[in-house]
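Working notes, structure below.
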Amino acid sequence: MSANPLSLWVYLSQSPLLWLTVTLLVYAIADAVSLATHRHALANPVLHSIWIIGVFLLLTGTSYTTYFGGAQFVHFLLGPATVALAVPLYENRKTVLAAMLPMLVALVAGSVTAVISIVLLAEVAGLPRAVVLSLAPKSVTAGVAMGISESLHADPSLTAVAVVLTGIMGAIIVTPLMNRMRITDFRARGFAVGIAAHGIGTARAFQVDAVAGAFAGIAMSLNALVTSLLVPLAVTLLVR
Amino acid sequence: MIASLSLILLCQLAGEVFVRGVALPIPGPVIGLMLLLVLLLARDRFKILARGPLQQDGVENASRGLLAHLSLLFVPAGVGVVQKLDLIAEHGIAIIVILAVSVVVTLLVTVATFRLASRLMTRNGSAP
């Protein structure tokens, strides 16, 4: 009899159903907590979902490959969600067109800063070359960053982790930082977090203000374009 | 709903095909985004396009649904950190510090440039 629960676990722990359910359930709880704290920056649902699921995998001795077998259905939606950013862009087209010039200037300044700063800092910190290359595209959305990392022969899975860490930090820091700097222009605030912290920053921006969210979405998609071109160039120039 | 999701996937698919066909170093979904934007703008111009998912907020609602839980989509990639525990033990502090510094610097440079350019533009615009 005592073998039954074990064999059930052996069966379930290999099935996509369990890991998809765990991903959605943990996120739903983390999101409810975030809502209960009035979207406090430190109650970031991505941050808390990741460590809770991570600890659960380690405790149950489940490999990431097995987990990803279920979670891939969620991961896949990153692509369609990028396409869906066309809608906030379309709905705010008048505001966007009016701010075209500041956006383009800030896009170039922000993308260049994001890539150059991380490569220089990583070099100064004496990180191994493979790590420096993997960190370089960390400010663009996961799918794109992993593609860049692959084309540099770096480590796409490390890039994905750096991307998510960057996004969480940006989402946590942006509101207090911008309030401290007394920036009240939600176009600028949203645009900055979209450049620095891609989709997780954009999700945060949508929580704070709809205009900020639309500008963050634009920034994130434009940055995906610019960074894909910029990272190979910066790496050739800066990495020894 | 199904038609709207199909349209979104179709845009992404067309983007992937285009990017691979022309060998551009741009991600396919970004081209898909531009394609969907062009479709939405064209629909307002040419009434003949306003059918299926391009009418009654079809594709708009599906997109809003996807974007409402954008941060959930990053969880599977983030959990990948469990594969990197040895690297984190060795370089974790350095990586976290430099990522944080880079994020703050990027936020400040972007917001300052945006404000500066927007101020210069309104000054030029309001000048006689």
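The values are calculated or read from the model by the stated rules, or taken from the named source; none is laboratory data. Just so we're clear, the structure is a prediction, and the values are computed from it rather than from any experiment. Glycine gets a Cβ as well: all are built from the backbone with ideal geometry, and neighbour counts include every protein chain shown.
Considering the stretch A:91-117 alone, what residues qualify as being buried (at least 24 other Cβ atoms within 10 Å of the Cβ) and either among the acidic types (Asp, Glu) or more than 8 Å from every other protein chain (Cβ to nearest Cβ) (or both)? Answer for the stretch A:91-117, where residues must be buried (at least 24 other Cβ atoms within 10 Å of the Cβ) and either among the acidic types (Asp, Glu) or more than 8 Å from every other protein chain (Cβ to nearest Cβ) (or both): A:Ser111, A:Val115. Does the stretch A:101-145 hold any residues that are of a type in the set (D, E, K, R) and over 13 Å from B:Thr106 (Cβ atoms), and which are they? Scanning the stretch A:101-145 gives A:Glu123, A:Arg129.
B:Gly28 is checked against (1) exposed (fewer than 14 other Cβ atoms within 10 Å of the Cβ); (2) in contact with a Lys or Arg (Cβ under 8 Å, 6 or more places away or on another chain); (3) closer than 24 Å to A:Val140 by Cβ and fails just one. What number does that condition carry? Every condition holds for B:Gly28 apart from (1). Give the residue that is farthest from A:Leu230 (Cα to Cα), with candidates limited to residues of the stretch A:118-133 that are part of a helix (DSSP H, G or I) and more than 7 Å from chain B (Cβ to nearest Cβ). If we take residues in the stretch A:118-133 being part of a helix (DSSP H, G or I) and more than 7 Å from chain B (Cβ to nearest Cβ), then A:Val124 is farthest from A:Leu230 (Cα to Cα). The single residue among A:Tyr64, A:Tyr11 that is farther than 23 Å from A:Val164 by Cα, surrounded by fewer than 19 Cβ atoms within 10 Å (Cβ to Cβ) and not assigned by TED's automatic domain parsing to the domain that holds A:Gly201 turns out to be A:Tyr11. Against the conditions (1) among the hydrophobic types (A, V, I, L, M, F, W, C); (2) surrounded by fewer than 13 Cβ atoms within 10 Å (Cβ to Cβ); (3) facing chain B (nearest Cβ under 9 Å), where does A:Leu42 fall short? Just the number, please. A:Leu42 satisfies every listed condition except (3). Of the residues making up the stretch A:78-103, those that are touching a residue at least 12 places away in the same chain (Cβ under 8 Å) and in a helix (DSSP H, G or I) number 11.
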